[in-house]
Amino acid sequence: MESGNDKLVIQLMVGKQIYPITVKREQEEIYRKASRMINEKLGRYEQSYPNLGYERYTSVALLDFAVQVLQLQGQKDDTLYADTVQRLTAELDELLCKKPDDR
């Protein structure tokens, strides 16, 4: 059962707005880091493409983050399969290399 002490309300600046968000204490830093990442990305787009409008910067930043997430999910899936195949191959090699009386 969760107690009321494990959550807290933090104020995060995301873009041009401040949002009060209730988070678990152990997740506070990740939320703050996410806020910084968003603001840095928005700032880079604003500097690189001046006078486009805040909505366009936000849309492109969201697209950028979504692409990164999908790429990481693809890498994770590929790594999982590659690791499993490598482990099974090693087990099969070990079994095939044993002499009949070692089994």
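The values are calculated or read from the model by the stated rules, or taken from the named source; none is laboratory data. Predicted model only: the values in this text are computed from it and were never measured. Cβ: placed from backbone, ideal geometry, glycine included. Neighbour counts: every protein chain shown. What goes into the accessible areas is simple: the full protein's heavy atoms, side chains included, and nothing from ligands, DNA or RNA. Shrake-Rupley method; radii C 1.70, N 1.55, O 1.52, S 1.80 Å.
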**OP:** Please give the helix 28-48 orientation as an angle from the longest Cα principal axis of the chain, in degrees from 0 to 90, rounded to the nearest 10.
**Re:** 70 degrees
Original post:
Probe 1.4 Å, all protein chains in place: accessible area of Met37 in Å², nearest 10?
Top reply: 80 Å²
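Roughly to the nearest percent, how much of the accessible area of the chain is carbon and sulfur, given a 1.4 Å probe? Kindly include the intermediate steps, with their values, before the conclusion.
On the way: 4950 of 8760 Å².
Solvent-exposed carbon and sulfur of the chain make up 56 percent of the total.
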Original post:
What's the tally of Lys pairs in the chain whose alpha-carbon atoms lie under 30 angstrom apart, where the two lysines are 8 or more places apart or on different chains?
Top reply: 13
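Highest first, please rank the peptides 42-49, 57-64, 20-27 by the mean number of other Cβ atoms sitting within 10 Å of their residues. Don't jump to the answer; show the numbers that get you there.
On the way: 42-49: 13.6, 57-64: 15.1, 20-27: 11.6.
Result, highest mean Cβ count within 10 Å first: 57-64, 42-49, 20-27.
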**OP:** Classify the chain as rounded, prolate or oblate, taking a ≥ b ≥ c as the square roots of the eigenvalues of its Cα gyration tensor: rounded when a/c is under 1.5, otherwise prolate if a/b is larger than b/c and oblate if not.
**Re:** oblate
Subject >> Nonlocal amide H pairs with Lys7, under 5 Å, H built at 1.01 Å >> reply: Arg25
Original post:
Modelled label-to-label distance, Arg25 and Gln11, 7 Å Cα→beta-carbon offset: nm?
Top reply: 2.2 nm
Subject >> Distance in nm between pseudo-label sites at Arg36 and Lys98 (7 Å out along the Cβ direction from Cα) >> reply: 5.2 nm
Original post:
Helix 54-97 sits at what angle to the longest principal axis of the chain, using alpha carbons and giving 0 to 90 degrees rounded to 10?
Top reply: 10 degrees
Subject >> Surface per residue (accessible, 1.4 Å probe) for the chain, Å² >> reply: 85 Å²
